[in-house]
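J.: Structure provided below as structure tokens; questions to follow.
The values are calculated or read from the model by the stated rules, or taken from the named source; none is laboratory data. Nothing here was measured: the structure is a model prediction, and the numbers come from that model. Note that each Cβ is placed from the backbone with ideal geometry, even for glycine, and that neighbours are counted across all protein chains shown.
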Amino acid sequence: MSFRLICFYLCLHITLPVYADIAGSVEGTLEAPGGARKVALSALHSDYQVEVFGDVVNVVLKQQFHNHFTQPLNARYLFPLQKNAAVHAMTLRVGDEVIVAQIQEKKAAQATFKAAQSAGKSAALLEQHRPNMFTQRVANLMPGQSIEIEIAYSHIVPKVDGAYELVVPLVVGPRYQPAGAGVAPEVFPVGTSGATPDAGQWTLEKLPDAPPTAGIDLPSTFTSERVAIQINLEAPATIHALHSDTHPLAIRDVSSTQADITLQQGRVLDNKDFVLRYQLAGVETSAGLLSHWQPEEGGYFSLLIEPPEVIAQDQVLSREMVFLLDCSGSMEGLPLDASKRFMSQALRSLRPDDSFRIIRFSDAASEFSNRAMPATPENVAYGLQYVSRLRGSGGTEMKSGIRQALAVPVEGERIRNVVFLTDGYIGNEHSVLGLVEKLRGDARLFAFGVGTGVNRYLLDELGRVGHGFTRYFDPTNSAEHMHGVVSKLVERLQTPVLTDLEIDWGDLRVTELVPAKLPDLYLGDTIRVTGRYTQAGSGNVTIAGRSRQHRAQVQTSVELSDTAQRPAVRRVWARTKLAALMHEFIAPSSRRSEKQTNEQLQISVTDLGLRYALASRWTSFVAVSRRVYNADPERNPDGDVALPKVAGVSQLAYSPAPMTGYGAPEPGMVISLLAALLAIGGFNFMRRYKKAVS
């Protein structure tokens with residue numbers, strides 16, 4: 001190999017990923033008139049107006065689309081929302097026209113939209129793509145025209161580790177689709193085939209009929225400052241520790257219980273999720289009760305349950321700690337480095353009578369040892385060496401890692417805890433969740449999301465199905481900040497659990513409770529119980545459970561009013577009920593608590609969506625203008641709105657073939673090439689030197 005050829009090889013393999021990262025900073029294309037050249041269509045603005053009252057959130061999301069081309073077009077936009085968001089209203093504004101969208105059964109909404117598109121009218125169709133992903137379709141967007149779509153949704157802010165945590169999802173991550181893995185039930189609209197690739201591959205999150213593309217040209221009108229967030233926070237008590245680790249904030253304190261919050265930069269690129277945390281001073285558990293009275297329907301309520309502050313920690317059983325590390329291409333770089341930091345502290349925090357296993361997976365799973373290792377200092381040191389050598393590449397065959405973690409019997413009288421570190425970028429969520437439910441046994445699974453825009457739906461569900469909990473950390477933060485976050489996560493794994501939870505409602509007339517069976521509760525976690533009540537009343541509610549051999553309980557006073565007006569509580573109950581039905585839908589028939597068939601569950605979900613005006617798998621919002629804007633709508637090209645790359649995610653997750661030259665070379669290859677380069681350079685130097693002296 002010549003000196004010049006080696007130099008060319010090194011430059012090619014070292015600089016290509018950098019170039020790809022710049023060129024691929026935004027994903028999504030529009031076929032411009034004329035066909036060959038591909039350009040990006042961008043949403044002009046996305047503005048989030050967030051109203052928080054205690055821990056109830058009402059959000060109005062304004063999406064503004066602009067056609068900078070000289071030809072009418074139909075636009076498509078994929079965007080994330082809270083997985084528990086109750087999307088209950090949509091409005092379309094075209095010029096001076098304002099159209100309130102109607103909720104319809106999905107097939108009917110699609111037909112309404114298609115008819116409007118063919119008639120040359122402006123129209124918008126909002127559909128659920130996944131539980132936390134929605135698509136917006138816009139028909140007949142005219143040249144130079146801007147249209148605005150408002151979406152309204154509500155949800156409850158969860159309390160996590162003593163603070164309320166408001167998440168505004170902003171970014172859509174890539175997905176790895178295993179070969180022949182099947183498709184999650186709500187990924188594809190009813191009536192499509194849901195065919196899977198012939199081989200496992202990385203793809204962009206996309207509409208079923210919109211194949212992914214990359215390497216786009218950005219239009220001159222494209223702006224990276226696409227998102228603005230305005231939050232008005234009003235609390236029942238003094239607000240403490242208001243901050244965001246994801247975005248710098250501009251905070252205006254209106255009073256001790258009110259604050260107005262915006263992004264310090266004004267507008268930002270939507271390449272990472274927004275997270276806001278805050279604490280309320282002196283709020284007892286009873287402050288977590290929210291209620292709403294609806295004439296002719298009765299009442300709706302939401303009750304926050306927190307564990308007692310003191311839970312006995314004696315009689316601690318020995319543990320088998322199984323660490324399951326995602327080492328796929330999307331984890332290479334910052335996410336995997338953060339996972340290694342976690343592992344370093346977690347392994348050093350093992351108890352002397354614990355044992356541990358370390359499993360890494362990408363295209364396949366492999367394990368540190370052929371059995372669980374006692375947590376001796378020597379074994380921990382070996383484990384740390386193993387983790388330090390891990391690298392990210394390939395696909396995300398998550399089921400292979402789960403089988404490796406759960407299928408092997410536990411040795412001795414130990415409890416198995418599986419700690420799952422991943423970004424969750426897969427397309428077969430429901431088959432993975434089904435496998436966990438099938439193999440879990442008595443094990444508990446703790447999901448730790450590593451990244452700035454992870455698959456929160458999958459990770460939250462892994463914690464729920466695995467009878468553990470879910471936490472998140474941002475690998476782009478400073479090393480000092482990451483150390484503190486990781487320390488808290490490791491400490492959280494040591495906390496006791498409250499099981500066999502029951503609620504004694506006393507004389508209160510409550511009904512249709514969700515969840516019907518309470519999950520286990522960890523110190524630092526909370527549970528929201530929603531339900532309905534037939535008449536107003538007050539009394540004491542007792543929540544009791546068991547921690548090991550100890551009984552623990554907490555009592556709170558509750559007042560269910562027939563004058564309370566919090567409409568969001570009604571929507572939250574309906575959305576929670578709808579989610580519970582979808583949990584049943586994806587579960588095997590033998591594990592369904594209500595033993596309903598798929599057809600019966602579909603009818604129930606559709607009825608809830610139509611009755612409470614909620615977007616769901618089988619209900620959609622559609623809005624159609626009164627005016628005709630396009631005289632020749634059949635020639636409109638379809639275009640996808642550009643989506644940003646997730647901050648901190650490797651280019652390996654966006655390459656069509658991550659294992660064939662789009663990523664940086666292995667360290668060993670670089671070292672070998674450098675050694676060869678030095679050797680050849682030294683040889684040439686000596687040859688020239690001998691020639692000169694002779």
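Conditions tested, residue by residue: (1) touching a helix residue (DSSP H, G or I) at 6+ places or on another chain (Cβ under 7 Å); (2) closer than 30 Å to residue 277 by Cβ; (3) at pLDDT 95 or above; (4) not in a strand (DSSP E or B).
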site	(1), (2), (3), (4)
77	no, yes, no, no
83	yes, yes, no, yes
107	no, no, yes, yes
114	no, no, yes, yes
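J.: Pick from segment 96-113 the residues that are farther than 14 Å from residue 620 by Cβ and in contact (Cβ under 8 Å) with a residue 40 or more places away in the chain: which of them is surrounded by the fewest Cβ atoms within 10 Å (Cβ to Cβ)?
T.: 100
J.: Within segment 466-477, does at least one residue satisfy the condition of being more than 29 Å from residue 131 (Cβ to Cβ) and outside the structural domain of residue 340 (by TED's automatic domain parsing)?
T.: Within segment 466-477 (the criterion being more than 29 Å from residue 131 (Cβ to Cβ) and outside the structural domain of residue 340 (by TED's automatic domain parsing)), the answer is no, since none of the residues qualifies.
J.: Any residue that is surrounded by 19 or more Cβ atoms within 10 Å (Cβ to Cβ), without any contact (Cβ under 8 Å) to a residue 24 or more places away in the chain and outside any strand (DSSP E or B) - is there at least one of those in segment 457-466?
T.: Checked segment 457-466: at least one residue is surrounded by 19 or more Cβ atoms within 10 Å (Cβ to Cβ), without any contact (Cβ under 8 Å) to a residue 24 or more places away in the chain and outside any strand (DSSP E or B).
J.: Tally the residues that are closer than 18 Å to residue 575 by Cβ, surrounded by 21 or more Cβ atoms within 10 Å (Cβ to Cβ) and modelled with pLDDT of 95 or more, restricting the search to segment 127-154.
T.: 4
J.: Let me ask something else about it. Could you say whether any residue in segment 467-488 is in contact (Cβ under 8 Å) with a residue 12 or more places away in the chain, in contact with a Leu (Cβ under 7 Å, 6 or more places away or on another chain), of a type outside the set (Phe, Trp, Tyr) and part of a helix (DSSP H, G or I)?
T.: No, segment 467-488 contains no residue that is in contact (Cβ under 8 Å) with a residue 12 or more places away in the chain, in contact with a Leu (Cβ under 7 Å, 6 or more places away or on another chain), of a type outside the set (Phe, Trp, Tyr) and part of a helix (DSSP H, G or I).
J.: If a residue counts only when it is modelled with pLDDT of 85 or more and outside the structural domain of residue 522 (by TED's automatic domain parsing), which strands (runs of 3 or more DSSP E) contained entirely in segment 265-346 have at least 2 such residues?
T.: 274-280, 319-326
J.: Does segment 554-568 include one or more residues that are modelled with pLDDT under 90, among the hydroxyl-bearing types (Ser, Thr, Tyr) and farther than 27 Å from residue 458 by Cβ?
T.: yes
J.: Considering only segment 521-539, I want to know if a residue exists there that is of a type in the set (A, V, I, L, M), in contact with a helix residue (DSSP H, G or I) (Cβ under 8 Å, 6 or more places away or on another chain) and part of a strand (DSSP E or B).
T.: No: zero hits.
J.: Only residues in segment 575-592 that are without any contact (Cβ under 8 Å) to a residue 12 or more places away in the chain count as the first member; pair them with residues that are surrounded by 17 or more Cβ atoms within 10 Å (Cβ to Cβ), Cβ under 8 angstrom, at least 6 apart or cross-chain, and list the lot.
T.: Pairs that qualify, where the first residue is without any contact (Cβ under 8 Å) to a residue 12 or more places away in the chain and the partner is surrounded by 17 or more Cβ atoms within 10 Å (Cβ to Cβ), are 592/584.
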